[in-house]
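K.L.:
Sending over a structure as structure tokens; questions will come in a sec.
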């Protein structure tokens with residue numbers, strides 16, 4: 001019998017996922033005020049990148065202050081594509097009064113932490129970080145950006161109270177998108193293990209939660225993904241799965257080296273803010 005791919009939930013014991021995107025602001029949910037749609041609207045209205053950064057920082061800062069206090073976090077780590085906007089780290093530090101560390105890798109920030117997690121398994125492999133506009137992936141020195149096809153996978157805006165519209169083929173199309181990035185980044189190393197980060201929460205049996213891919217509660221996604229990997233990467237292997245903000249927390253651990261008991265609020269800025277708390281024992 002040929003080897004097959006198997007998936008399991010990867011959950012570092014001292015990292016807690018936070019549903020930061022749905023935190024309320026005076027103008028509505030946080031993801032509407034601090035995310036790529038808001039940034040693009042500001043740019044269309046004539047704002048400079050520095051002005052966009054200021055608007056987003058001012059909207060985000062009160063939430064960070066509140067959540068950091070609730071979670072007893074002493075500092076903030078920020079990653080993701082929008083973290084690269086002019087002056088974002090300085091502005092957030094000024095607006096929150098908290099120490100803010102900005103990851104220099106921006107949208108590729110999770111790759112560092114992913115490689116650390118893979119080394120802990122004893123096998124270097126590939127990190128595949130699924131964002132809501134593109135997949136960022138890396139294997140060794142090889143890096144790949146796999147843009148989302150919005151014709152095949154149109155963005156569905158999140159309503160936590162209601163599942164997305166019925167679309168029986170959506171999970172399979174999303175699986176094909178992710179599998180394509182996995183195959184591309186593993187070119188030349190088909191038997192390497194994979195670490196996969198997905199936007200949105202997921203439970204221990206890998207049932208996805210809300211995100212713009214619309215796979216909320218869709219049990220077809222992972223079986224379809226594993227079937228495609230078996231077909232296109234026939235060496236088989238292990239697929240370690242976690243949330244993208246949990247992955248960012250691993251990069252924060254590597255870059256900041258927090259001491260025992262020091263709690264770090266980890267924030268990803270992309271389509272919408274993601275969050276996790278890193279709390280080393």
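The values are calculated or read from the model by the stated rules, or taken from the named source; none is laboratory data. All of these numbers come straight from a predicted model, not from anything done at the bench. Cβ sites come from the backbone with ideal geometry, for glycine too, and all protein chains shown count toward neighbours.
K.L.:
Name the pairs: first residue in the stretch 46-63 and without any contact (Cβ under 8 Å) to a residue 24 or more places away in the chain, second residue assigned to a helix (DSSP H, G or I), Cβ to Cβ under 6 Å, at least 6 apart or on different chains?
P.N.:
The qualifying pairs are 55/42.
K.L.:
Does the stretch 23-38 contain any residue that is free of Cβ contacts under 8 Å to residues at least 40 places away in the same chain, closer than 12 Å to residue 267 by Cβ, touching a helix residue (DSSP H, G or I) at 6+ places or on another chain (Cβ under 7 Å) and assigned to a helix (DSSP H, G or I)?
P.N.:
no
K.L.:
What number of residues within the stretch 69-115 are buried (at least 22 other Cβ atoms within 10 Å of the Cβ) and at positive phi?
P.N.:
Qualifying residue count, the stretch 69-115: 1.
K.L.:
From the set of residues in the stretch 261-281 that are out of contact with any strand residue (DSSP E or B) (no Cβ under 9 Å at 6 or more places or on another chain) and surrounded by fewer than 19 Cβ atoms within 10 Å (Cβ to Cβ), which is modelled with the highest pLDDT?
P.N.:
Among them, the one singled out is 261.
K.L.:
Looking only at the stretch 1-31, filter to residues that are more than 27 Å from residue 117 (Cβ to Cβ) and out of contact with any strand residue (DSSP E or B) (no Cβ under 8 Å at 6 or more places or on another chain); which one of those is modelled with the lowest pLDDT?
P.N.:
Ranking the candidates gives 1 first.
K.L.:
So, in the stretch 167-207, how many residues would count as being farther than 21 Å from residue 237 by Cβ and touching a strand residue (DSSP E or B) at 6+ places or on another chain (Cβ under 7 Å)?
P.N.:
Looking only at the stretch 167-207, we keep the residues that are farther than 21 Å from residue 237 by Cβ, and these are 167-173, 199-201, 203, 207.
Add one more test, that the residue is touching a strand residue (DSSP E or B) at 6+ places or on another chain (Cβ under 7 Å), and what stays is 199-201.
The qualifying residues number 3.
K.L.:
Let me ask you something else. I'd like to verify a number: residues in the stretch 16-56 that are closer than 21 Å to residue 72 by Cα and buried (at least 20 other Cβ atoms within 10 Å of the Cβ), how many?
P.N.:
Residues that pass the stated criteria total 6.
K.L.:
Could you check residue 66 against (1) assigned to a helix (DSSP H, G or I); (2) buried (at least 18 other Cβ atoms within 10 Å of the Cβ); (3) at pLDDT 95 or above and say which number it fails?
P.N.:
Only one criterion in (1) assigned to a helix (DSSP H, G or I); (2) buried (at least 18 other Cβ atoms within 10 Å of the Cβ); (3) at pLDDT 95 or above is unmet by residue 66, namely (2).
K.L.:
Hey, among 234, 223, which residue is without any contact (Cβ under 8 Å) to a residue 60 or more places away in the chain and within 28 Å of residue 184 (Cβ to Cβ)? Even if it seems obvious, please write down each step before you answer.
P.N.:
Details: 234 fails: without any contact (Cβ under 8 Å) to a residue 60 or more places away in the chain.
Answer to the check: 223.
K.L.:
Kindly indicate which of 129, 149 is loosely packed, with under 13 Cβ neighbours inside 10 Å, assigned by TED's automatic domain parsing to the domain that holds residue 214 and within 26 Å of residue 216 (Cβ to Cβ).
P.N.:
Being loosely packed, with under 13 Cβ neighbours inside 10 Å, assigned by TED's automatic domain parsing to the domain that holds residue 214 and within 26 Å of residue 216 (Cβ to Cβ) holds for just one of 129, 149, which is 149.
K.L.:
Mind listing whichever residues of the stretch 91-133 are in a helix (DSSP H, G or I), over 18 Å from the mean Cα position of the chain (by Cα) and closer than 21 Å to residue 271 by Cα?
P.N.:
If the condition is that a residue be in a helix (DSSP H, G or I), over 18 Å from the mean Cα position of the chain (by Cα) and closer than 21 Å to residue 271 by Cα, then 91, 92 are the ones that fit.
K.L.:
Kindly indicate the residue of the stretch 71-85 that is in a strand (DSSP E or B) and under 18 Å from the mean Cα position of the chain (by Cα) and also nearest to residue 106 (Cα to Cα) among those meeting that condition. Give the steps one after another, and end with the answer.
P.N.:
Applying the first criterion (in a strand (DSSP E or B)) to the stretch 71-85 yields 75-79.
Now drop any that are not under 18 Å from the mean Cα position of the chain (by Cα), which leaves 76-79.
Numbers: 76: 15, 77: 12, 78: 9, 79: 5 Å.
For the stretch 71-85, the residue satisfying everything is 79.
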